[in-house]
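Every number here is computed from the coordinates shown, using simple stated rules; none is lab data. Note that the coordinates shown come from a computational prediction; the quantities given were computed from them, not determined experimentally. Positions of Cβ are backbone-derived with ideal geometry, glycine not excepted, and every protein chain shown enters the neighbour counts.
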Amino acid sequence: MEEYVIEMNNIRKEFPGIVANDNITLQLKKGEIHALLGENGAGKSTLMNVLFGLYQPEEGEIKVKGQPVKITDPNVANRLGIGMVHQHFMLVHNFTVTENIILGSEPTKSGKINISDAAKKVDELSKQYGLSVDPYAKIEDISVGMQQRVEILKTLYRGAEILIFDEPTAVLTPQEIKELIQIMDRLVKEGKSIILITHKLKEIMEVCDRCTVIRKGKGIGTVNISETNPDHLAELMVGREVHFKVDKKEAVPKDVELEIKDLVVMDARNIPSVNGLNLSVKAGEILGIAGVDGNGQTELIEGITGLRKVKSGSIKINGKEVVNLSSRKITETGVGHIPQDRHKHGLVLDYTIGENMVLQTYYQKPFSKSGILNFNTIYEKAKQLIKEYDVRTPSEYTPARALSGGNQQKAIIAREVDRSPSLLIAAQPTRGLDVGAIEFIHSKLIEERDKGKAVLLVSFELDEIMNLSDRIAVIYEGKIVAVVDPKETNEQELGLLMAGGKRESEGVS
Ligand SMILES: Nc1ncnc2c1ncn2[C@@H]1O[C@H](COP(=O)(O)OP(=O)(O)OP(=O)(O)O)[C@@H](O)[C@H]1O
Ligand SMILES: [Mg+2]
């Protein structure tokens, strides 16, 4: 009897200028959920990409059920029963769910795949594991949560016994996270084994059996979850104590910086998802928007920042009407934007980190003079921001694509905060960040507030909303239905308001 289904022993993987995995060992028991924890850039995705055959290690050995193996590419991994759901999904957007699931899997003897047979199998698998999807829907039309279920089904369709989940919960709403946890439970009950990467210590405590910690590419060790706690995990991972509470003084709000009146913004299906919304944010305060995903948050932000056309209503920034101005014009009015989707709106992945740091300002002084870019100044600036925000990258010349997910996020935040906009819009700003980085980013947002900037925060993490906000606006069906003082509310009441319930004590303010 072999105790481990996977053994990765003494793995080393180098990239130009960096040792991403330095002598790391991870052993997975059959039927367990095993957490892989480490700071942004610690080497988690790299280690899992090695297991999935995307990278070849320079040293170390991998055993599957006790047998030494060479995983030369993902097809070999699939054949060994290893499946992976990546940090950034890899689906073809104009293909259907079923087409994506069967894409690249082995054809039948006749060399063809029968789509309706495949759809049937997909349907069976989805019922067996509670992974509800619409087999004929196009990827571009379905939610992120469903896209993730498609990725999971894709691995199961190929017969995966060992599942690697790289930060699956970072992109999910609290409700979807609950569902995913149930799915993972069902998977291990059916005899599968799971490696789970997440920065959320609560989730590790809730669902995992053991946890392997890595720090700056080195293995720190493996602990039993029943014998540890979140503080200890955080300390193992960061190498110092982490404070989960945010320190902040009372806000000193000044004039209204952002004033929204009767705003209507349509969604992709031409249905008003922002539907007569009124909101104001003052200079010197953090206004947090709480709401269940899909109640107009995305369209609201895209409307303010000029990424989506506004149907009617008014948006004034510092007294100036900006409705339907171009994104560039709105940016120049003094708006910073940390977007929800870092790949779609945050970065140009093939540009260097330096170039990404001046995406909105490259045409201005001092980065440009009479139409000629001054690369020295651009890279000087990038170097300073990388240092200040602890963006872990080999250099400022590295393409954004080569950075770890969390470090890409830190780079965007650095750029947006550094421009010192009078209105900073932060959508899910700490998504995918480790606990240490979250602590730092929270203190930066408060610093901006204290400098007299207006901060509009949208987050699905109620903890984050409660800890950071000076006022909380609840969004429901495209309207602000309540504005509450975080000191006078709790998560329960917020949850109720977010579901369309009324506050007992007061009417809508
Ligand atoms: N393809 C690549 N080319 C060059 N460097 C890379 C590449 N992939 C990763 N790296 C580097 O290897 C290190 C580890 O990155 P990795 O993506 O494994 O981190 P991570 O632990 O998954 O972090 P996060 O929590 O932010 O996702 C980082 O310094 C990263 O910049
Ligand atoms: Mg990663």
Practice prompt. Can you tell me the alpha carbon radius of gyration of segment 4-238 divided by the globular rule-of-thumb value 2.2 N^0.38 Å?
Written response: 1.00
Worksheet item: If you place +1 on the Cβ of every Lys and Arg, -1 on the Cβ of every Asp and Glu, and leave all else neutral, what size is the dipole of segment 267-408 about its Cα centre, to the nearest 20 Debye?
Response: 340
Item to complete: Search the structure for amide H atoms under 5 Å from the amide H of residue 5, placed 1.01 Å from N in the peptide plane, and list their residues when 5 or more places away or on another chain.
Response: 28, 29, 30
Worksheet item: In whole Hz, what ³J(HN,Hα) sequence does segment 283-297 give by Karplus (6.51, -1.76, 1.60; θ = phi - 60°), x for Gly and Pro?
Response: 4, x, 9, 9, 9, x, 9, 9, x, 6, 3, x, 9, x, 4
Discussion item. Let me see the P(r) profile for segment 205-339: every Cα-Cα distance counted, bins of 5 Å, each bin given as a percent of all pairs.
Written reply: 2, 9, 14, 14, 12, 8, 7, 9, 11, 10, 4, 0
Item to complete: Find which of 69, 43, 136 sits farthest along the positive direction of the dipole of segment 4-238, computed with +1 on the beta-carbon of Lys and Arg, -1 on that of Asp and Glu, about the Cα centre.
Response: 69
Discussion item. Please give the charge dipole size of the chain, origin at the Cα centre, charges +1 on K and R Cβ atoms and -1 on D and E Cβ atoms. Round to the nearest 20 debye.
Written reply: 1180
Discussion item. When a/c reaches 1.5 or more, the comparison of a/b and b/c decides; with that in mind, is segment 17-76 rounded, prolate or oblate per its Cα gyration tensor?
Written reply: oblate
Discussion item. Just want the answer: with Cβ charges of +1 for Lys and Arg and -1 for Asp and Glu, which residue in 393, 454, 187 is farthest toward the dipole's positive end in the chain?
Written reply: 393
Worksheet item: Which is farthest toward the positive dipole end of the chain among 498, 374, 116, measuring Cα position about the Cα centre, with Cβ charges +1 (Lys, Arg) and -1 (Asp, Glu)?
Response: 374
Fill in: Distance between modelled label sites at residue 256 and residue 375, nm, 7 Å Cα→Cβ extension
4.8
Worksheet item: Tilt of helix 435-450 relative to the longest C-alpha principal axis of the chain, in degrees (0 to 90, nearest 10)?
Response: 10
Item to complete: With a ≥ b ≥ c taken as the square roots of the eigenvalues of the C-alpha gyration tensor of segment 317-413, please select rounded if a/c is under 1.5 and otherwise prolate if a/b is larger than b/c or oblate if it is not?
Response: oblate
Discussion item. Shape verdict for segment 133-178, please, from the Cα gyration tensor: rounded (a/c under 1.5), prolate (a/b greater than b/c) or oblate.
Written reply: oblate
Fill in: Degrees between helix 405-418 axis and first principal axis of the chain (Cα, 0 to 90, nearest 10)
10
Item to complete: Would you mind checking which residues have amide H under 5 Å from residue 424's amide H? H placed 1.01 Å from N; only 5 or more apart, or other chain.
Response: 336, 454, 455, 456
Worksheet item: When DSSP beta bridges are limited to those with both residues in the chain, what percentage is antiparallel, rounded to the nearest 5?
Response: 60
Worksheet item: If each residue's Cβ is checked for other Cβ atoms within 10 Å, how do 351, 136, 476 rank with the fewest at the top?
Response: 136, 351, 476
Fill in: Karplus-derived HN-Hα couplings along segment 62-75 (A = 6.51, B = -1.76, C = 1.60, θ = phi - 60°), whole Hz, x at Gly and Pro
10, 10, 10, 6, x, 9, x, 9, 10, 9, 7, 7, x, 5
Worksheet item: According to the Kirkwood expression over distinct Cα-Cα pairs, how big is the hydrodynamic radius of the chain, in Å?
Response: 24.3
Item to complete: Kindly express, to the nearest 10 degrees and within the range 0 to 90, the angle between helix 375-388's C-alpha long axis and the longest C-alpha principal axis of the chain.
Response: 80
Worksheet item: What dipole magnitude, in Debye to the nearest 20, does segment 430-509 give about its Cα centre under +1 on Lys/Arg Cβ and -1 on Asp/Glu Cβ?
Response: 340
Response to the item:
For segment 88-100, in residue order, the Karplus 3J(HN,Hα) values (coefficients 6.51, -1.76, 1.60; θ = phi - 60°; whole Hz; Gly and Pro = x) are 10, 4, 10, 9, 8, 5, 9, 9, 7, 4, 4, 4, 5
